[in-house]
1. May I ask you to verify whether SER79 is polar (S, T, N, Q), farther than 30 Å from LEU20 by Cβ and surrounded by fewer than 19 Cβ atoms within 10 Å (Cβ to Cβ)?
2. Please verify whether region 86-96 includes one or more residues that are in contact (Cβ under 8 Å) with a residue 12 or more places away in the chain, out of contact with any Asp or Glu (no Cβ under 9 Å at 6 or more places or on another chain), more than 21 Å from ILE40 (Cβ to Cβ) and buried (at least 19 other Cβ atoms within 10 Å of the Cβ).
3. Kindly list the number of the only condition in (1) closer than 30 Å to GLY153 by Cα; (2) modelled with pLDDT under 95 that fails for SER31.
4. Does MET163 satisfy being modelled with pLDDT of 80 or more, part of a helix (DSSP H, G or I) and closer than 22 Å to PRO108 by Cβ?
5. Does VAL60 satisfy being surrounded by 11 or more Cβ atoms within 10 Å (Cβ to Cβ), in a loop (DSSP other than H, G, I, E, B) and hydrophobic (A, V, I, L, M, F, W, C)?
Amino acid sequence: MTSLPETENIPSDAPRHLRLIRLSGFASWASFASAILIVIATAFVWLGDGTLFTWLAKSVEGILVPPSPLALGMAGVVSMAPIVLLIAMLVELGRLFRLFAGNRVFDPVVPRRLGRVGWLAFSSCAASVVCKTVVTLFMTSANPPGHRILSIGIDSQGLASLMIGFLFLVLSLVMQEALGLAEENRSFV
């Protein structure tokens, strides 16, 4: 059995605490691995012959004429914004879970990381809505007049990301409040 850092701080309910540490370690690994897989998949989309068009065309209905290479490239660049934010969020989550796995649940850095994850989730959702609209415009730019498409919308996954972002932001504030109360209690003793 491996020794855990700061084992003298393990609460009386040790099995639950050990589960937290183990699950956080796995979640940290999974977050970093997911970020790497997304980077690899994105590279494949950009480097594969015709894969960028195929990938973008799956999310856009009404393409009558393939866009120019410039419009396709611009659509590809715009579509990267939510992906970059997602990768940043996964890295930040990995760092947050690593703190938990290191038995640093009440570290003052935790609320800041929670807040960053919340803002990244929120920003990714907002960027997805805006970028999908712009990508649709670029991908249908070669269509004949009257057949270009403007589409604005949010799906249930986007709403879920938005709410998860809000959850992390609120948890960040709750954690800041808890740390403030804990510090105040220590000053009384």
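1. It is false that SER79 is polar (S, T, N, Q), farther than 30 Å from LEU20 by Cβ and surrounded by fewer than 19 Cβ atoms within 10 Å (Cβ to Cβ).
2. Looking only at region 86-96, we keep the residues that are in contact (Cβ under 8 Å) with a residue 12 or more places away in the chain, and these are 86-96.
Cutting the leftovers down to out of contact with any Asp or Glu (no Cβ under 9 Å at 6 or more places or on another chain) gives us 86-96.
From the residues that got through so far, the ones that are more than 21 Å from ILE40 (Cβ to Cβ) too are 96.
Now narrow it down to the ones that are buried (at least 19 other Cβ atoms within 10 Å of the Cβ): 96.
Yes, the conditions are met somewhere in region 86-96.
3. With respect to (1) closer than 30 Å to GLY153 by Cα; (2) modelled with pLDDT under 95, SER31 is out only on (2).
4. no
5. Details: surrounded by 11 or more Cβ atoms within 10 Å (Cβ to Cβ): yes; in a loop (DSSP other than H, G, I, E, B): yes; hydrophobic (A, V, I, L, M, F, W, C): yes.
Answer is yes for this residue.
To keep it simple, each residue is scored yes or no on (1) closer than 30 Å to LEU181 by Cα; (2) surrounded by fewer than 20 Cβ atoms within 10 Å (Cβ to Cβ); (3) modelled with pLDDT of 95 or more.
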position: PRO66; (1), (2), (3): no, yes, no
position: PRO69; (1), (2), (3): no, yes, no
position: ALA101; (1), (2), (3): yes, no, no
position: ASP107; (1), (2), (3): yes, yes, no
position: ALA121; (1), (2), (3): yes, no, no
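The values are calculated or read from the model by the stated rules, or taken from the named source; none is laboratory data. The structure presented is a predicted model; accordingly, all values stated were derived computationally and were not measured. Positions of Cβ are backbone-derived with ideal geometry, glycine not excepted, and every protein chain shown enters the neighbour counts.
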